[in-house]
Structure formats: C-alpha cells, structure tokens
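The values are calculated or read from the model by the stated rules, or taken from the named source; none is laboratory data. Just so we're clear, the structure is a prediction, and the values are computed from it rather than from any experiment. Positions of Cβ are generated from backbone atoms using ideal geometry, with glycine treated the same way; all protein chains shown enter the neighbour counts. Heads up: the accessible areas ignore ligands, DNA and RNA and are worked out on the full protein's heavy atoms, side chains in. Shrake-Rupley method; radii C 1.70, N 1.55, O 1.52, S 1.80 Å.
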Amino acid sequence: DTEVTQTPKHLVMGMTNKKSLKCEQHMGHRAMYWYKQKAKKPPELMFVYSYEKLSINESVPSRFSPECPNSSLLNLHLHALQPEDSALYLCASSQVVLPMIVTQYFGPGTRLLVL
Amino acid sequence: AQSVTQPDIHITVSEGASLELRCNYSYGATPYLFWYVQSPGQGLQLLLKYFSGDTLVQGIKGFEAEFKRSQSSFNLRKPSVHWSDAAEYFCAVGATMDSSYKLIFGSGTRLLVRP
C-alpha cells in the first residue's frame, strides 16, 4: 500500500480564520513533506520532517505552522492567510535512507481557497 | 546549482501515436531522477525512477525513460498514447540537503491527446 491520504479535499477560509490540513500515511515512512502548488506550476517544497523533527523549512511565512505529532501524521496549521496563499497543498512521504535518495509518495492534495 | 528543464510547455499528440517528453537536468553528482504524472486537481503519481544500473527504465502505464549522462537527459517515452494519458508530466531530480533531501521539479509539460 503506497497511499498518502489528505483531508479535507477542499477548504475555503477567510483571512481571519484558523484551519488545519491533515496528512496521514501508514507505510512506515519516517520523512514527510508539505508542498505548495500554484496553478500551472510545479510543486514547491515548504517543509520536511525527518523522524518527527523539522529538518527543512524553505523560508515559509509564519502564518503556516507545520506539526508532526507522530510518525504517521503531519498537520499544517493555517492562520491569517492571504488570498495569494490559495493553492493546492500536497503532502508526501518517504523512507529515510540518507545519503540515498528514495521515492516520495504524494497524497491527492487539499485545494485551498482564501477569500 | 541543481536544476531541471522541461523545454516543452505543451505537447499535443494523436491517440495511438508515439510520445517523447524531454527532460534535462543539471546536477553535480550521480542524479536520482523521477517522472511524475498529475491529472487535473490531483496529486502526483510516480511513473518511474532512475537511481543506478540499466539506463533504460520501465514504469507504469507503458512508460519508459532513458538516462543519458552524456546529454544530461532523462526523456520519457511511450510507444502508443491513450486518451487517458492527457495530464501534466513533471521530471524531477533528488538533491540532498543537510539531514534530508528535496525534489527539484521541472516546470512541467502538459500533454494533450487528440482523438
């Protein structure tokens, strides 16, 4: 099973709202990723968690707050977003076999609209 | 710096025709290369990957890709395209960063299939 699930599928929020995106995998992967994808563009890496610790933060604004409560779950907390944050948010997971690079498996994404 | 170039923004082929999507990479060490496909509003699905060994790799859905180090290329091919292959295709290279790694994506190629 190579499934990564994400909830919700769609989310509409106002600029003063607080919401969370959730990602889950049961493949035993110890690395999890958040990507942001604008229309007609490739995914852009936001955060990487390795063994439940934040290992990469690609200079993402603080209105995005990631959390990895356990090895299967990854959350992205959203607060005071801007309309330009509207995008498809993708979660991915992989094994950790550094220095080797391994396959990342992606979820279906959450389509976020900020009004 | 590492980078991936997909020179074709759009490609249109007739159903049943052959397909080649181009990908060129820039990476100092031995590259780990991937092709992902994304249907509209969906997540990314791995088509195939190259880590080492045989330079011609087979993937899912009848796709294959050939790694050519001398040309820094990893082109994706399919002998006979089906209407369901219409999607966005991303080439990516894996790059290590500190205690983790990231995928560097090309800008994508949108495949349109004529009936």
7 Å from Cα along Cα→Cβ at both A:Ser65 and A:Met100: what's the point-to-point distance in nm?
3.8
Unsatisfied cross-links (Cα-Cα over 25 Å) in the set A:Lys40/B:Lys61; A:Lys38/B:Lys102; A:Lys38/B:Lys68
A:Lys38/B:Lys68
Got a sec? Which residues of the range B:22-51 lose 10 Å² or more of accessible surface with every protein chain in place, vs. that chain alone, 1.4 Å probe?
B:Tyr32, B:Phe34, B:Tyr36, B:Gln38, B:Gly41, B:Gln42, B:Gly43, B:Leu44, B:Leu46, B:Lys49, B:Phe51
Per-residue mean of other chain beta-carbon atoms within 10 angstrom of the beta-carbon, peptide A:40-46?
6
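Mind ordering A:48-54, A:85-91 by average Cβ neighbours within 10 Å, highest first? Don't jump to the answer; show the numbers that get you there.
Details: A:48-54: 16.6, A:85-91: 21.9.
Top of the packing list down: A:85-91, A:48-54.
Relative contact order for chain A: what percent, with Cα pairs under 8 Å and sequence separation of 6 or more?
Averaging sequence separation for qualifying contacts and normalising by length gives 37 percent for chain A.
Magnitude of the Cβ-charge dipole of the protein assembly as shown, K/R +1 and D/E -1, about the Cα centre, nearest 20 debye? Before the final figure, lay out each step's value.
Numbers: 22 positive and 18 negative charges, 72 e Å.
The dipole of the protein assembly as shown has a size of about 340 debye.
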What's the carbon and sulfur percent of chain B's accessible surface, probe 1.4 angstrom, rounded to a whole number?
48
Please flag any cysteine in chain A that has no other cysteine's Cβ under 4.7 angstrom from its own Cβ.
A:Cys68
For a quick protection proxy, order the peptides A:100-107, B:31-38, A:63-70, B:9-16 by their average other-Cβ count within 10 Å, most packed first.
B:31-38, A:100-107, A:63-70, B:9-16
Roughly how crowded by other chains is peptide A:51-61, in terms of the mean Cβ count from those chains within 10 Å of each of its Cβ atoms?
2
Just the number please: accessible area per residue for chain B, 1.4 Å probe, all protein chains included, in Å².
46
Report the FRET efficiency, 1/(1 + (r/R0)^6), for A:Ser20 and A:Gln82, where r is their Cβ-Cβ distance and R0 is 30 Å, rounded to 0.05.
0.95
In peptide B:102-108, how many Cβ atoms from other protein chains are near each Cβ within 10 Å, on average?
5
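I want the local charge near A:Asn75. Using Cβ-Cβ distances under 13 Å, sum +1 for each Lys or Arg and -1 for each Asp or Glu among the other residues.
So the environment of A:Asn75 carries a net charge of 0.
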